[in-house]
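The values are calculated or read from the model by the stated rules, or taken from the named source; none is laboratory data. Since this is a predicted model, take the numbers as computed values, not measurements. Heads up, the Cβs are rebuilt from the backbone with ideal geometry, glycines too, and the neighbour counts pull from every protein chain shown.
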Ligand SMILES: Nc1ncnc2c1ncn2[C@@H]1O[C@H](COP(=O)(O)OP(=O)(O)O)[C@@H](O)[C@H]1O
Ligand SMILES: [Mg+2]
């Protein structure tokens, strides 16, 4: 029995020992669990922090608004640390001022300086003296917490920005299982974070600036392109005008001589007529000669008309009325096989154009349309306010204040080659004797004179449509008013041996409202000046063949002591022997010069 | 008609504004004056402004009782932070509410219990007493046993007032009065019935140990060993302080049954809130730490907290057969954000609410100690939820 008792006692002891061992092991297990939990949590947090940081970095890469970056930075800090709140304090770089959101408050200069000088992140217990300036700052903007266990701040200081930022966060509670309350060992991380946000702000600023610059560049590029297009268009117009002028002069000259000859032929043919009274065959021949002469005269007249710079009277023309009036004549002209239809916009208004010119333009277009429809068809004249699509070229000029007149036919139409040469003088596809090739050249010239333009759309076999644009009377006056000049400023004489310069001067002065006489040298200029006693201005080069500018001026002053003179030269004034300038009347304009400089000099001598 | 209750919340920065906002919302939703309101606010607010605003808005006729806290619960939300106030307001039907604010709790808790019992007087029609004592001072264990002795058969529950884990000062509200070191109480009489269910979610991990030295809430020795040394033997080596991680990791399990010699379920879990680094003694506010008492180390288990919380709510709802007029959740401040992070409500409120109809008004706060009966006696718990339901029938 005692043995048994002893055995039980032993067993009990063993059991106790086993229980104790088990308890020890359990303790170790719990301890291990705690350690594991702690390290796992620490690792998780570390990983999370890196993740949120990376996410933040990706996220703000495309953000250009500083406020957007700072907002996200704040949220990231809240996400990464156990913080009750984070306030982004804007510290003004110039004035002792603080900003939190919309709220801007002045602060004491000493505090401001401390905040400005805060260049490294900090993590301190709430009662640490280091927290005092930041708590004071929070209090200033009305955001102070009632109590703080841990205070943390991260300076974000982009250099040369008008404001730096202090991200100030705090925690009321002890460390949690889920997020770290900031601890001193987080300092390097916060420094990294602050640095990143700072760089992001700087780069956002740069991006914004770059974008602004590239937009400006693109804009000026666009402008450049537009003015290039404009230049090209003007150049083409200039070429066409020059060609027209040259050909006109040539044709005019020939026509003049021809006309004389035709007069001789015609009159002598008439003289012969009685002599062949009895000879019917000869009479018929004579008739043919006279008919041919008449037709030849017709052509030369047209040539003469083309060559002559026709006088233009600017008028306010009711386009619809003009078209209606003309339609009676036109109907007769086009015959019965062609249907004429007028589509007139009742709200069209008046055009600023010479009425005779307008008639001539329409006549030419209608005759061409008729010729294109030998077996009949439809002819349509339409008036309306111009739209963008009516423009001949793509020069970005507004169509406001333009009137469009379209002449459309259902005729043969034309191919690309024809369309390209359409407005060339003497270009015709019609048989000899039928076409002169001057109709559209005349239209072009007349529109040039009337500040209008013409465009064409055509398809072979379908027909053609010519669209004429004319300034409307209101539009024109409005446009004029906005362009400022020119009321007439009298007659200017330009003496310059260099053609290009003379032309430029003449154009500039014309644009500024002068009637301009051009002279290639001093002698020509003197002649012109004598012929025109109403001369109001002389612009002369100093060095010219035959008679120089100084001598010209000297002579003219004898006739017209009050004539204002602008001298131009590539030499400096000192190198020239002009004598003293009359400060009231004379100006010296050194070459090279711009139109604006010309205008300035002219305005100065004219005393206005 | 029955009791009509609403739970509202405000997180306004200003105490007056927050009190007014939450109270006004409650009055509006009630569609008439409230008879009773429970108000819980965090200590970021000026407590006087907060309670004055609530009192003015709810009106003279309304009995207001409440306290400061580490965080508040309202509806499905939990706000543990600087500034949040939760209001539970009700219009009673056949029930009567009275509020009491009793002083001297910090110095003489038994006396305070005696005084409260005196004020309650005839307790035959009392259907429940909710108490909100200071969570930093006073021996709550003594207080509740004395109160229970003086008003036998009356259900006593509640939660200890807190602050923002600064352990500096807590406040008790009654009417427009605010005090520290007091206990505020709501006494319900007449129709209706207060019920309470609890759960803690901890598991015992060590062998049973005996308290061999203790002094006024300070635990000095276990089995003759330094208390902190015993604690530390279960904690990772790096732990030097009783910081949050230590607190939430390890608790002390005590027997619910008074005088029991073994620690088994049902357990009352206790959490030390302070450490004397020199002596290694651990402080348990609320008292109830006595020499000769058996204890066991327990560890918290987040999964169990969710599961047993849900079970507890299910029990309160009579296994889904009963619907309370309102629910008051008194949940330990150590189980909220500190354990579950920003989404604490998902772990400690949602699983409980899911057991009841979604329209049941739900309010509460994060306590420094939970007061609820267990194993036939009222006890002071930590790391626990005390879920109170008021039923009309
Ligand atoms: N409406 C039109 N349809 C088809 N071709 C046209 C039309 N208008 C002008 N053309 C073409 O343009 C050429 C030049 O016209 P124009 O200058 O008026 O001279 P002409 O009519 O004397 O030929 C015409 O010969 C013809 O080929
Ligand atoms: Mg023609």
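Quick check on the range A:118-137. Is at least one of its residues in a strand (DSSP E or B) and within 14 Å of chain B (Cβ to nearest Cβ)?
Checked against the condition, which is being in a strand (DSSP E or B) and within 14 Å of chain B (Cβ to nearest Cβ), the range A:118-137 yields at least one hit.
Looking at B:253, B:286, can you tell me which residue is closer than 19 Å to residue A:29 by Cα, within 26 Å of the chain's Cα centre (by Cα) and more than 12 Å from chain A (Cβ to nearest Cβ)?
Sole residue among the options that is closer than 19 Å to residue A:29 by Cα, within 26 Å of the chain's Cα centre (by Cα) and more than 12 Å from chain A (Cβ to nearest Cβ): B:253.
Please find, among A:42, A:73, A:54, the residue that is away from chain B (no Cβ under 13 Å), farther than 30 Å from residue B:208 by Cβ and surrounded by fewer than 17 Cβ atoms within 10 Å (Cβ to Cβ).
After ruling out the rest, the residue left standing is A:54.
Could you check, for the range A:436-449, whether at least one of its residues is away from ligand 2 (no atom under 12 Å from the Cβ) and either within 26 Å of the chain's Cα centre (by Cα) or within 14 Å of chain B (Cβ to nearest Cβ) (or both)?
yes
Assess whether residue B:111 counts as being surrounded by fewer than 20 Cβ atoms within 10 Å (Cβ to Cβ), in the same structural domain as residue B:379 (by TED's automatic domain parsing), under 29 Å from residue B:283 (Cβ atoms) and at pLDDT 95 or above.
Numbers: surrounded by fewer than 20 Cβ atoms within 10 Å (Cβ to Cβ): yes; in the same structural domain as residue B:379 (by TED's automatic domain parsing): yes; under 29 Å from residue B:283 (Cβ atoms): yes; at pLDDT 95 or above: yes.
In short, yes.
Evaluate the range A:13-28: report whether one residue or more is more than 14 Å from chain B (Cβ to nearest Cβ) and either part of a helix (DSSP H, G or I) or under 24 Å from residue B:298 (Cβ atoms) (or both).
yes
Does residue A:223 fit the bill of being out of contact with any strand residue (DSSP E or B) (no Cβ under 8 Å at 6 or more places or on another chain), assigned to a helix (DSSP H, G or I) and at pLDDT 80 or above?
Against the criterion (out of contact with any strand residue (DSSP E or B) (no Cβ under 8 Å at 6 or more places or on another chain), assigned to a helix (DSSP H, G or I) and at pLDDT 80 or above), residue A:223 qualifies.
Would you confirm whether any residue within the range B:182-191 is outside the structural domain of residue B:312 (by TED's automatic domain parsing) and over 21 Å from residue B:382 (Cβ atoms)?
No - not one qualifying residue is present in the range B:182-191.
From (1) buried (at least 16 other Cβ atoms within 10 Å of the Cβ); (2) in contact (Cβ under 8 Å) with a residue 60 or more places away in the chain; (3) closer than 24 Å to residue A:68 by Cα; (4) more than 14 Å from chain B (Cβ to nearest Cβ), pick out the condition that doesn't hold for residue A:191.
Among (1) buried (at least 16 other Cβ atoms within 10 Å of the Cβ); (2) in contact (Cβ under 8 Å) with a residue 60 or more places away in the chain; (3) closer than 24 Å to residue A:68 by Cα; (4) more than 14 Å from chain B (Cβ to nearest Cβ), the lone unmet condition for residue A:191 is (1).
Somewhere in the range A:465-481, is a residue modelled with pLDDT of 85 or more, within 16 Å of ligand 1 (Cβ to nearest atom) and surrounded by fewer than 21 Cβ atoms within 10 Å (Cβ to Cβ)?
yes
I need the full set of residues from the range B:11-43 which are part of a loop (DSSP other than H, G, I, E, B), crowded, with 23+ Cβ neighbours inside 10 Å and within 14 Å of another protein chain (Cβ to nearest Cβ), in order please. Walk me through how you get there before you give the answer.
Looking only at the range B:11-43, we keep the residues that are part of a loop (DSSP other than H, G, I, E, B), and these are B:11-14, B:31-35, B:43.
Checking the rest, the ones that are also crowded, with 23+ Cβ neighbours inside 10 Å come to B:34, B:43.
Correct list: B:43 only.
Going by what's in this entry, would residue A:69 be described as within 51 Å of the chain's Cα centre (by Cα), at pLDDT below 85 and assigned to a helix (DSSP H, G or I)?
Here the answer is no, as residue A:69 does not meet what is asked.
Read through the list (1) over 54 Å from the mean Cα position of the chain (by Cα); (2) exposed (fewer than 12 other Cβ atoms within 10 Å of the Cβ); (3) within 14 Å of chain B (Cβ to nearest Cβ), then give the number of the only condition that residue A:172 fails.
Here residue A:172 meets the rest and fails (2).
It is to be established whether one or more residues within the range B:194-208 are crowded, with 21+ Cβ neighbours inside 10 Å, assigned to a strand (DSSP E or B) and modelled with pLDDT under 95.
Yes: the range B:194-208 contains one or more residues that are crowded, with 21+ Cβ neighbours inside 10 Å, assigned to a strand (DSSP E or B) and modelled with pLDDT under 95.
May I ask you to list the residues in the range A:407-447 that are closer than 15 Å to residue A:359 by Cα and either more than 8 Å from ligand 1 (Cβ to nearest atom) or loosely packed, with under 14 Cβ neighbours inside 10 Å (or both)?
If the condition is that a residue be closer than 15 Å to residue A:359 by Cα and either more than 8 Å from ligand 1 (Cβ to nearest atom) or loosely packed, with under 14 Cβ neighbours inside 10 Å (or both), then A:444, A:445, A:446, A:447 are the ones that fit.
Which residue is nearest to the chain's Cα centre (by Cα), if the candidates are limited to the range A:342-387 and must be within 13 Å of ligand 1 (Cβ to nearest atom) and in a loop (DSSP other than H, G, I, E, B)?
The initial filter retains those residues of the range A:342-387 that are within 13 Å of ligand 1 (Cβ to nearest atom), namely A:360-374, A:377-381.
Okay, now just the ones that are also in a loop (DSSP other than H, G, I, E, B), so A:373-374.
On the way: A:373: 43, A:374: 47 Å.
Within the range A:342-387, the match that is nearest to the chain's Cα centre (by Cα) is A:373.
Report yes if residue A:529 is assigned to a helix (DSSP H, G or I), modelled with pLDDT of 85 or more and in contact with a helix residue (DSSP H, G or I) (Cβ under 6 Å, 6 or more places away or on another chain), otherwise no.
In short, yes.
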